[in-house]
Amino acid sequence: MTDRTVAVLAGGLSHERDVSLRSGRRLSSSLRDTGLYVEEWDVDAKLISRINSSRPDAVVIALHGGAGENGAVQSVLEILRVPYVGADPRACRRAWDKPTAKDELARAGLSTPEWITLPHATFRDLGAQDVLDALVARLGLPLILKPPQGGSALGLHLVREVAELPGAVVGCLAYGDSVLAESFVEGVEVAVTVLDGPDGPRALPAVEIDATSGFYDYTARYTAGLATFHAPARLDSAAAAAVADLAVSAHRILGLRDVSRTDVVVTPDGVAQFLEVNVAPGLTETSLLPMAIESTGAHLGTIYAALIERAIARGPGTLSRN
Ligand SMILES: Nc1ncnc2c1ncn2[C@@H]1O[C@H](COP(=O)(O)OP(=O)(O)OP(=O)(O)O)[C@@H](O)[C@H]1O
Ligand SMILES: [Mg+2]
């Protein structure tokens with residue numbers, strides 16, 4: 001038994017609150033199995049006073065889709081000098097904003113579907129129809145429209161025909177003030193977990209997602225049985241190496257830390273295309289990161305307990321990088 005006290009932050013006010021609560025519950029129970037003393041905190045306006053009165057040895061952020069992924073909670077933890085698992089605020093912001101992450105990785109020579117980001121005002125000022133016509137003329141169909149920030153495929157639309165575009169734009173704008181339009185890439189979808197260790201970042205075996213509806217949307221994500229997973233993915237050795245390389249490169253280039261999960265599509269010609277990277281990946285019963293860990297015979301709690309030790313050894317962050 002250790003005398004470490006760990007606070008797992010979950011819940012919060014994002015659209016992904018329910019998923020986060022499930023992640024927090026599963027992580028907490030796995031950490032308790034390792035002998036840690038774990039408190040589960042739903043994040044609300046009392047967070048700072050709670051941290052100041054409890055002073056946990058470390059915090060693990062299991063918040064999805066908002067303050068836990070965009071660097072906001074990480075900044076608060078840095079101000080309060082509390083060690084935490086995961087990337088610093090600046091790296092979180094880069095990963096959180098999908099166009100920023102895609103741009104940095106494309107500049108570094110990695111493959112990512114062609115994209116364009118369109119603010120709400122563009123549709124309003126230039127006429128939605130003209131903008132949509134130009135978009136289709138440039139990127140073609142099918143297209144994926146998604147909010148530039150966020151997760152769990154909320155607000156995401158697959159557009160196969162021009163007639164579906166206006167509805168997709170409106171649906172997307174419900175989650176933010178701009179639309180990220182991407183070429184739809186056909187292929188095998190995998191998620192690759194990267195863990196930092198003594199020898200630097202290493203990729204765990206990719207987990208393959210085979211959505212029965214053909215699309216890994218919100219329902220397919222969190223309803224058992226609507227998607228089949230293969231861990232490790234059914235990739236040949238060249239493709240398996242390509243997705244591992246892509247995920248480790250994304251982790252390094254964006255300056256991520258401890259843990260990340262990169263979503264990738266492998267096209268029929270074997271190219272690994274970067275979709276996005278998550279700094280606080282889902283940890284629910286149907287989530288991909290725990291499947292990757294279990295496929296290696298390891299235990300979720302043991303892996304996170306090691307990340308907690310890294311965070312404590314690193315100590316509280318410095319404000320200079322924020
Ligand atoms: N350009 C694309 N081509 C093909 N499929 C895509 C593309 N973009 C997204 N998808 C599909 O939509 C899903 C969700 O997209 P993405 O990973 O960008 O969103 P998310 O909401 O951030 O997801 P997460 O829950 O992983 O954080 C992907 O898992 C994939 O199935
Ligand atoms: Mg994703």
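Please treat every number below as a calculation from the coordinates, not as lab data. Source: prediction; values computed, not measured. Heads up, the Cβs are rebuilt from the backbone with ideal geometry, glycines too, and the neighbour counts pull from every protein chain shown.
Of the peptides 276-286, 247-257, 117-127, 297-307, how do they stack up when ordered by the mean number of other Cβ atoms within 10 Å, highest first? Don't skip to the end; give the middle numbers.
On the way: 276-286: 23.5, 247-257: 21.7, 117-127: 13.9, 297-307: 17.9.
Those peptides, ordered most packed to least, come out 276-286, 247-257, 297-307, 117-127.
With a/c under 1.5 counting as rounded, go ahead and sort region 253-300 into rounded, prolate or oblate using the C-alpha gyration tensor (a ≥ b ≥ c being the square roots of the eigenvalues; past the cut-off, prolate if a/b is larger than b/c, else oblate).
On the way: a/c = 2.12, a/b = 1.37, b/c = 1.55.
In terms of gyration-tensor shape, oblate.
Amide H to amide H, which residues 5 or more places from Ala58 or on other chains are under 5 Å from it, using H placed in the peptide plane?
When sequence neighbours closer than 5 places are left aside, the close amide H contacts are Thr5, Ala7.
What list of ³J(HN,Hα) values in whole Hz, one per residue of region 5-15 in order, does the Karplus curve 6.51 cos²θ - 1.76 cosθ + 1.60 (θ = phi - 60°) give from phi, with Gly and Pro shown as x?
10, 10, 9, 9, 8, 8, x, x, 10, 7, 5
Could you work out the relative contact order of region 178-283? I mean the mean sequence separation of Cα pairs under 8 Å and 6+ apart, divided by the number of residues, in percent. Mind dumping the intermediate values first?
Details: 194 pairs, mean separation 33.2, N = 106.
Relative contact order here is 31 percent.
Within a Cβ distance under 14 Å of Ile308, other residues only, what is the Lys/Arg minus Asp/Glu net charge?
Numbers: positive: Arg4, Arg32, Arg257, Arg310, Arg314; negative: Asp3, Asp33, Glu39, Asp57, Asp196, Asp258, Glu309.
Counting the neighbours of Ile308, the net charge comes to -2.
Which distance in Å, rounded to a whole number, links the C-alpha centroids of region 222-251 and region 118-132?
Cα centres, region 222-251 to region 118-132: 36 Å.
Summing Lys, Arg as +1 and Asp, Glu as -1, what charge do residues with Cβ under 10 Å from the Cβ of Val131 carry, Val131 excluded?
Values: positive: Arg124; negative: Asp125, Asp130, Asp133.
Charge balance in the 10 Å sphere: -2.
Below 8 Å between Cα atoms, with a sequence gap of 6+, how large is the relative contact order for the chain in percent?
Working: 677 pairs, mean separation 70.1, N = 322.
Over the chain, the number comes to 22 percent.
Taking a cut-off of 25 Å between Cα atoms, list the lysines near Lys146, but don't count ones fewer than 8 places away on the same chain.
Lys98, Lys102
Residue by residue through region 232-241, which ³J(HN,Hα) values in whole Hz follow from phi under the Karplus form 6.51 cos²θ - 1.76 cosθ + 1.60 (θ = phi - 60°), with glycine and proline marked x?
Ordered by residue, 3J(HN,Hα) equals x, 4, 7, 10, 6, 5, 5, 5, 4, 5 Hz.
Show that you can apply the helix-only estimate: for the chain, add -39,500 (n - 2.57) for every DSSP H stretch of four or more residues, divide by all residues, and state [θ] at 222 nm to the nearest 500.
Working: 12 runs with 124 residues, N = 322.
So the calculated ellipticity at 222 nm is -11500 deg cm²/dmol.
Restricting things to Cα coordinates, could you compute the convex hull volume per residue of the chain in Å³? Walk me through the numbers before you get to the answer.
Values: hull volume 43.6 nm³, N = 322.
Considering the Cα atoms of the chain, their hull volume per residue is 135 Å³.
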